[in-house]
Amino acid sequence: MSTLPWIEKYRPKTVDDISYQDEIVAVLKKIISNDTGEFPNFLFYGPPGTGKTSTILAAARELFGPELMKSRVLELNSSDERGINVIREKVKTFAQFTPSGHRSDGKSCPPFKIVILDEADSMTSSAQAALRRTMEKESKTTRFCLICNYISRIIEPITSRCSKFRFKPLSKDILIQRLSFIAEKENIACDRDTLVTLVNCSEGDLRKAITYLQCASRLKLESGCIKSSDVLEIAGILKDDVIEKILDTCSTGSFEKVEQCVQNLIFDGFSCNQIVTQLHDVLIERHDLNDAKKAIIFEKIACVDNDLIEGADEYLQLLDLLVLIMKQMK
Amino acid sequence: MKSWVSSAFSDSAFANTTKPTRTTRASSQKQTLSNLTNKEPKAKISEPFNSPAKKQKENTLSLSLKYEPTTRADLSVHKNKIDQLSNLLDQIISKERGSILLIEGPSGCGKYITLKVLCKEKGVELVEWDPSNVNLKSFDLQIDGEYNEPYESQIKNFSQYLFKSSRYESNQLFNNDKSTQNVKKVMLVKEIPNFAFRDPKIFVNLLNDFKRFSKFSLIFSLTQTTYSSDINPQKIFPTDIRKDLKCLEISFNSIANTFMNKKIEKIAKMEHFGFVDKKFLENLCSTSNGDLRHAINLVELTSTGHKVQFTQKKISKTKTGEAINFDSGSKDANYSIFRGLGKILHRKNVDNNFEEFKMPKHLVQYKRPVLSADPEDIYDKLPLSSDLILSYLHQNYIDIFNIKSSSSNFDCQFEALDSINDSFIMSDIINKTSCLFESGTNTGTQEARLKEISASISIRSVLFNFYFSTENESKSLWMPLFKPFNSKLIEAKLKRKKMARDFLNLAIENNSNMIKYLIEMNKEFFIELIPFVQLRSTMRRPPGQQRDNLVQMMFKPEFTQLFSKCTKTRSNQQQTTENDYENQQDEQDENVLLNENKPYKKESNVSNSANKGNYEYEDASGLKIEDFNF
Amino acid sequence: MSLWCDKHRPKTLNTLDYHKEQADQLKKLVHSEDFPHLLVYGPNGAGKKTRIMCSLKELYGPGVEKLRIERQQFETPSKKTIEMTTLASNYHIEINASDAGIYDRIVIQEMIKTIAQTNQLDAQTQKSFKVIVLTEVDKLTKDAQHALRRTMEKYMNSCRLILCCNSTSRVIPAVRSRCLSLRVPAPTADQIAMILKQTCKTEGLNLPQELANKIALKSNRNLRRALLMCETAYVAHYPFTNDQEISEPDWELFLRETARQIVQQQSVDRIVQIRDRLYELLCHCIPADIIFKGLLKELLTICDGQLKPQIVEIAADMEHKMNLGDKQIFYLEAFVVKFMSIYKKHLEFSLAGCI
């Protein structure tokens, strides 16, 4: 009864549908058509929302057909238990089934299984070490596909056993294309401006963009047309004039005003990370600050960003940052 | 008995018994060592053994084993203690069912030896558990070098040991050998198996089973340490477990100096070390701290290899000469907490070496005299983990700094304080990070290493910054040390939260909408709700208005602490609302709240508090910080 | 028997007093075909929980208001049992998973699994899903949040999650992307004053505008606090007068006094006293970051303008380190010592400058 999230609904079902990642698409197509079982271990890496999981799932679907997919593909996510024991037990037992070389609809299918390890960079290095052995041992019947954001977090023995493919962040045109396609299908009215805002908010992440689109459409059911401001609100992004106002307050050089400004920002409930990121983007462009000052400010921004992630209080960190900006602007 | 003793005096017996003891030393200690040498001052008889060739053979046996006593008379333990243990042994041997006896005492005080001697006396066989006898096959070596922890096999090993004796018994029933039938067995565990620390429940269950099923008795020989470390045997046998298991207990004291002196003189005579210097004996006794085994080992150490030993004068010289270096061979005497902290907070310098060290010009202000105690050494000997050391230092440094800096006109007070606080913070963060390591085999050492570093930072920082000019250094000022308040803080918080929960439950029963706060029992509750509700209690009621049910509930004795105010403001509040209390109930509550407003004691001179025995400092939550003045 | 802030809480989306547009949106959402996972965030006392309850009522009807307390037990891999208190009705369950400390992941997984696997009994009129409300999501460990994300995907059909937190910075992007975020900003002072007047009217009391404004300003844009202050003022002195004293929580006064003492004298003795005062506050379960912020605020009002940036930097630094460490008193005391040392130097410097 409940609708599927659009990211699932519009996930590409075949390798051809995958937008923009030409290299890997070419390689996969060759493998699929070739049929000799020359399927290496894959390592897909790149920013989120670029189609890594979709690609391997689509490839698996093409290789095995939708019925066999469930029995031939094991998906292990970072939220699942992925300690060393699980790697050994689960993967071992899964790998021990010998797959047949034939499909139910007559076509031949490669005689191996696929294990997909999503978010492989959050596995502990000991789990990864255990994995490498398993990869070798079970290579006859099982192939692995690791998906991660940062390849540096995967240990070298594993990266050497896999073919690495980098997924590029999607270009704006592709994103707009895809989004307008979905909007049409779902009967959402949205103009070019909104789509551009959507794309800007999502930072090359198609999943994010589609999710924002879906959320916006939910909130605006009756009125129909989605505006840019809706998108911004959903993404939690501050309007540009708010940022400008902040910087103006800093340039006044009055501590009390800055304090009040920070207080108001916190009261409005905006995420501090978001504020800092947006400040950063605006400050880069400004001409009234020389490079030395900018360097100091950006160093502070980096520290504040780190501290926020480690759990520091938002008010204090934001106040600290703005006071520094104020000093530099004097 | 007599024949056994007399055989020791015959030369042939001695010559025969050296060899078996040498070989049996490596195997399990089930073999009882027969009496080796004479203790009677019939040194003349033993003279023939002092020819150099034979002396070489004897030298391969360690002195402590060589001079192991085999009769009651030879024991260096107090007679009463021996009798006590003897009685206990009789008790447990006579019982039908298995019983457990705990022998406690510091190391080297004669627990094992006394037991052996007594068992021999009574003709009881002492069966010891040997933990080194592990079945290697039970290791499951897997890929990547990881293997399962072998602790299961130790459990098996231990339970086999505990229960096989009963199986033996059944075997012996069929074995009609009378000599073995009548021999009673007593089982001894000298080292507590490691699994007992990991899984104390399993251990206790095993013991319970043992008690039920075994016909033999089990003796634990526990070495007391003041360590609060994980492997403290005291942890395994807390009082409630002792009661449950109905353990018999006996505790040994460390060996008195008189006994030690006697024994050492005897040994010296026997080994022809010559006349023992009195001062040497004194040093020896103080360093070994009642540990006879250690003392004998030291004697051996100081007397190795020199033919010179046979002469009188030179021996005493070498002995006194080496007496100064006792620190290198000294026992790892653990500092009591007080002593250890004292070493840190009251810095002692080695006076003479100050001038030698030259610092570059820009670092001159960081020059410090050489410490007499090594900071890492202090950490090793303090029986505290690094975070406890940090807590203790943090709790106490400020008072002592205060006194010392005021008496010595210390200029840069705040710099020093700043630096100390910075290092405390660093230590704390390192401690926290070390806890995040999984307690696995590889990372265990990382955790230990980090803790070492953290302790090192905090100790060194205090030592460095507590640098006051030596002229005004007060001599042996009595300064009490306080326990860190942190654990009390945690307790107090938990108590408060529990009270809050009870209060909420009560409120909800009385049909209040406060049910929501049960889930959000955090910030808002304590920051806003409680203070405001409490404020209402102090308000004057408009005439004719009944006191709020909610407020009425507040005055229940269970919740007074929950609603207690932060002390200092009470004086302000009271002025405005004192006149408003009408009922006696109010006055009662007033008194309860007033009592918490005691003046801050520490403002008085420290010297005053030094004279008090138990100095108590109350905080408003009604809890007392108990300190112990060492 | 209950406090005003609970008694007069709006129960339906229609009766909300401010952020009415958002209330409309929520209504539409509730009545739409698919109700998504929600992430409601905003400062304290802005009305997040109120809005969540109203939405639930809109979803399920008045049955949602019959709450009962349940205690559930969870067992961790290390054989420890954790007991959690939950608030449940027939249609939803509310839980604060961060109470479980480092075991929050298990609590979440188990909880959601059990809820998701029991189906709705009354399938005809009601929705096909249950709702789980998680409060204080930003205090969850990263592990728990990852687990949350996965379970959100898996059990989308049978249960919906409503997450409630102060700020989204500490919520991982993966969770954020699966929810519809709803920002609830704090009400303005005017809105608060209006609500106060309305409440008093319902209670049959007359609240003068000036006093209402005063309270609204002092409440720091926190509606709950404003209502509590108003109620206390009523108990203290009715009929209301315009210059009535508005009481503050005692710990705030205590904190103010502490700050004053810090500025008054900078010496080692004083540090000892301050330490005891800080322990006192901590004993009363006042969170350490609130103490930091409060102390900073008071110190900034008292001390000289030149020092302010430096002090802010130190406070931010110490507070950040406090999150990495274990014992909070160390950091509070270090901040006090640093402040004293800077302040003292500044005083000496300015005195020397004068001469």
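The values are calculated or read from the model by the stated rules, or taken from the named source; none is laboratory data. The model shown is predicted, which means the values in this text are computed figures rather than measured ones. Backbone-built Cβ (ideal geometry, glycine too); neighbour counts: all protein chains shown. Side chains are part of the model used for accessible areas, which takes the heavy atoms of the whole protein and leaves out ligands, DNA and RNA. Shrake-Rupley method; radii C 1.70, N 1.55, O 1.52, S 1.80 Å.
Some observations on this one:
- Think of a 1.4 Å ball rolled over the protein heavy atoms: region C:223-355 then has 35 Å² of accessible area per residue.
- Calculated FRET efficiency for the pair A:ASP240/A:ASP17, C-beta based, R₀ 25 Å, to 0.05: 0.10
- Count Lys and Arg as plus one, Asp and Glu as minus one, and take only other residues whose Cβ is under 9 Å from that of C:GLN22; the net charge is then +1.
- Chains C and B together bury roughly 7100 Å² of accessible area, counting both sides, with a 1.4 Å probe on protein heavy atoms only.
- Local net charge near C:HIS37, Cβ-Cβ under 12 Å (Lys/Arg +1, Asp/Glu -1): +3
- Once backbone amide H atoms are built at 1.01 Å from N, A:VAL115 has A:LEU74, A:ARG143, A:PHE144, A:CYS145 as its partners under 5 Å, excluding neighbours fewer than 5 places away on the same chain.
- Sulfur and carbon atoms: percent of accessible area, region C:4-183 [1.4 Å]: 47 percent
- Prolate/oblate/rounded call for chain A, Cα gyration tensor, a/c under 1.5 rounded: prolate
- Convex hull volume of the C-alpha atoms in region A:276-330, normalised per residue: 61 Å³.
- Backbone amide hydrogens, once placed in the peptide plane, bring B:GLU128 within less than 5 Å of B:LEU188, excluding anything fewer than 5 places away on its chain.
- Local net charge near B:LEU118, Cβ-Cβ under 12 Å (Lys/Arg +1, Asp/Glu -1): +3
- When both bridge partners sit in region C:4-183, DSSP labels roughly 40% of those beta bridges antiparallel.
- The calculated FRET efficiency for the pair B:LYS184 and B:ASP380, based on their C-beta separation and a Förster distance of 30 Å, comes to about 0.10.
- The label-point distance for C:LYS20 and C:ASP243, in a model that sets each label 7 Å from Cα toward Cβ, rounds to 3.8 nm.
- Both radii were evaluated on the Cα set of region C:4-183; the Rg over Rh quotient, with Rh as the Kirkwood radius, amounts to 0.94.
- Close lysine pairs were tallied over region C:250-353: pairs 8 or more places apart or on different chains with Cα atoms under 17 Å apart number 9.
- The phi torsions of region C:72-87, fed into the Karplus equation with coefficients 6.51, -1.76 and 1.60 and a -60° offset, translate into couplings of 10, 10, 10, 10, 8, x, 8, 6, 8, 9, 10, 10, 10, 9, 10, 10 Hz, rounded to whole numbers, with Gly and Pro shown as x.
- Take chain C and mark each of the GluC sites (Glu not before Pro) that is in a DSSP loop with at most 13 other Cβ atoms within 10 Å; the longest unmarked stretch, sites excluded, is C:34-244.
- Relative contact order for region A:168-240, counting Cα pairs under 8 Å that sit 6 or more residues apart, in percent: 34 percent
- Relative contact order of chain C, taken over Cα pairs closer than 8 Å and 6 or more residues apart, is 15 percent.
- Each label point was placed 7 Å from the Cα along the Cα-to-Cβ direction; for A:ILE296 and B:THR433 their separation is 2.9 nm.
- Threshold 50 Å², region C:275-289 residues less accessible with all protein chains present than alone (1.4 Å probe): C:ARG275, C:ASP276, C:TYR279, C:GLU280, C:CYS283, C:HIS284, C:CYS285
- A Förster radius of 45 Å, combined with the Cβ-Cβ distance separating C:GLN198 from A:LEU4, puts the computed FRET efficiency at roughly 0.55.
- Exposed loop sites here mean GluC sites (Glu not before Pro) with a DSSP loop assignment and at most 15 other beta-carbon atoms within 10 Å; chain A contains its longest site-free run at A:82-185.
- Lysine pairs within region C:103-230, Cα separation less than 15 Å, 8 or more sequence positions apart or different chains: 4
- In this rough spin-label picture, where each label sits 7 Å from Cα along the Cβ direction, the B:GLN365-A:LYS257 distance is 3.9 nm.
- Other protein chain C-beta atoms within 10 Å of residue C-beta, averaged over C:179-189: 4.
- Using θ = phi - 60° and Karplus 6.51 cos²θ - 1.76 cosθ + 1.60, couplings along region C:202-217 (whole Hz; Gly, Pro as x): 4, 7, x, 10, 10, 10, x, 4, 4, 5, 4, 5, 4, 4, 4, 5
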